[in-house]
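K.L.:
This is the structure I have questions about; it appears just below.
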Amino acid sequence: MGKKRDIGTAETTEVTEHSAGSADGMLVDLMAENQSLKAELEDLRLLYEATIEHGEAVEDQLAEKNILLEKAQNRLDDAINAISEGFCLFDRNDQLVIANRQFRDLLDPDDEFSIAPGTAYRDILDKGIGKGLYTYAKDEPEVWLADRIGKHDKPGPPYIERFENGRWCLVNDQPTQDGGVVSVYADITELKKRERELGRKTTQLEQLSKQLAKYLSPQVYNSIFEGRQEVKIASSRKKLTVFFSDIAGFTETSDRLESEDLTQLLNHYLTEMSRIALAHGATIDKFVGDAILIFFGDPETRGVKEDAFACVKMAIAMQERMVELQDIWLSSGVARPLKCRVGIHTDYCTVGNFGSEDRLDYTIIGRGVNTASRLEALADPGRIVISYETYLQVRDEIECRKIGEISVKGIAYPVSTYEVVGFRSTQEPVPELDVVEMSKRLKDLAFVDNEAISGEERRRLVASLQSALEKFNQKD
């Protein structure tokens, strides 16, 4: 046959070890009384044979003991039949000594064969296999039979038996002092049904939680499901780095496309940007049309400096991805390349759950959000504008160009702004244009659309102009 395996024990379930309960003591007493009466009868039989002349007296005692034995046997039968579990006792030769109705109903539900005292344990199993009673015996009956006989000969931990009639039992074999085995078959069918129902509901909850997770940033979702954050109206002030972006000229693009194509384009854009944001550990607050609000520093933070640096790195990665997507979008009917503007600001914000007891939104409010939005509106398409507060956190790793000061509604003082150029460690020097070429390109710039000049060419023009201004000032 095939390789022997432990059949029927691969399934795991949390079950309570069953026993005969309060009837255990009664069974022990009754069985002891039975044995005692049998011993007395044997003594009387020997005495009867030895003392024929006193036969009448011995016969009276023998009859009396027989009555007592019968009563004791009846009490024992009543006791084991009152047990809810299946109960059976086998002697040292694995022959049945006694069994209750529950055991017989379980192993011979149709009463097709007699489970009587003296029946061998193997015969009971063989007949059950023949009737197709045991689920685990269907594929490899000989392997299953050898496994069950081995468990019976050397009792160990309880194991689970599954029957084709839909019942499940926890089988607990225990050795007796005279070399026999007492077995208790505890019905755990209802427990298995509840376990199966619990598994089904758990699967449903997992599927539901996965769907709900799409409406929340992973950090917020995890903090709620791990119990680190309560779902209630609450907020706190934290220093965050806020990111705000939108697509330049999106209204015009919307007018050019059918609603189906526009939906596909917008979803593609948001999917690409979201993937980059999550890779950098961002908390995505919300999408408002083509606009994206993101922040770093809650519910998890790596420190203000690292949060700001991660945000700027994310913005650079997004702008690079936008360039890579141009060919895809051109082939889908988007005539003008999509470019996004980005504004980033580091400031104290109020973050938490806002709304009502029935509907909450995990978001941020405060001047930090307004400032980031204002910086985004000032940025040129394809560019990243950051505030001085963010610049202080990233200036060691990020090369920036100072733009100047702007006035922001709600803030009494001007806000210094910088344009992100690139990473200092990887930034290659921008080759300057010669005077004739630069003059020609500046002249073209005065008569053509500003967006017609690529980002790389714009950088070269800016670098050349800055160099020319520095040289001009030196001559003064």
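The values are calculated or read from the model by the stated rules, or taken from the named source; none is laboratory data. None of the values given here were measured: they were computed from a predicted structure. Note that each Cβ is placed from the backbone with ideal geometry, even for glycine, and that neighbours are counted across all protein chains shown.
K.L.:
If the requirement is being under 28 Å from Lys239 (Cα atoms) and of a type outside the set (Asp, Glu), which of these qualifies: Ile365, Ile328?
P.N.:
Only one candidate passes the filter, namely Ile365.
K.L.:
Could I ask something else about it? Looking at segment 128-152 only, could you name the residues that are among the charged types (D, E, K, R) and at pLDDT 90 or above? Walk me through how you get there before you give the answer.
P.N.:
Kept after step one, since they are among the charged types (D, E, K, R), are these residues of segment 128-152: 131, 138-140, 142, 147-148, 151.
Answer for segment 128-152, where residues must be among the charged types (D, E, K, R) and at pLDDT 90 or above: Glu140, Glu142, Asp147, Arg148, Lys151.
K.L.:
May I pose another question? Residue under question is Lys131, and the condition is that it be exposed (fewer than 12 other Cβ atoms within 10 Å of the Cβ), more than 18 Å from Phe87 (Cβ to Cβ) and charged (D, E, K, R); does it hold?
P.N.:
no
K.L.:
Which members of segment 183-193 meet the condition of being free of Cβ contacts under 8 Å to residues at least 40 places away in the same chain and either among the hydroxyl-bearing types (Ser, Thr, Tyr) or buried (at least 16 other Cβ atoms within 10 Å of the Cβ) (or both)?
P.N.:
Scanning segment 183-193 gives a single hit, Thr189.
K.L.:
Could you list, in sequence order, the residues of segment 230-289 that are within 23 Å of Ile328 (Cβ to Cβ) and not in a helix (DSSP H, G or I)?
P.N.:
Matches in segment 230-289: Ser245, Asp246, Ile247, Ala248, Gly249, Leu257, Glu258, His280, Ile284, Phe287, Gly289.
This table checks each residue for (1) surrounded by 13 or more Cβ atoms within 10 Å (Cβ to Cβ); (2) within 30 Å of Asp361 (Cα to Cα); (3) under 28 Å from the mean Cα position of the chain (by Cα); (4) touching a residue at least 12 places away in the same chain (Cβ under 8 Å).
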residue	(1), (2), (3), (4)
Lys151	yes, no, no, yes
Glu161	yes, no, no, yes
Gln177	no, no, no, no
Val181	yes, no, no, yes
Glu195	yes, no, yes, yes
Leu208	no, yes, yes, no
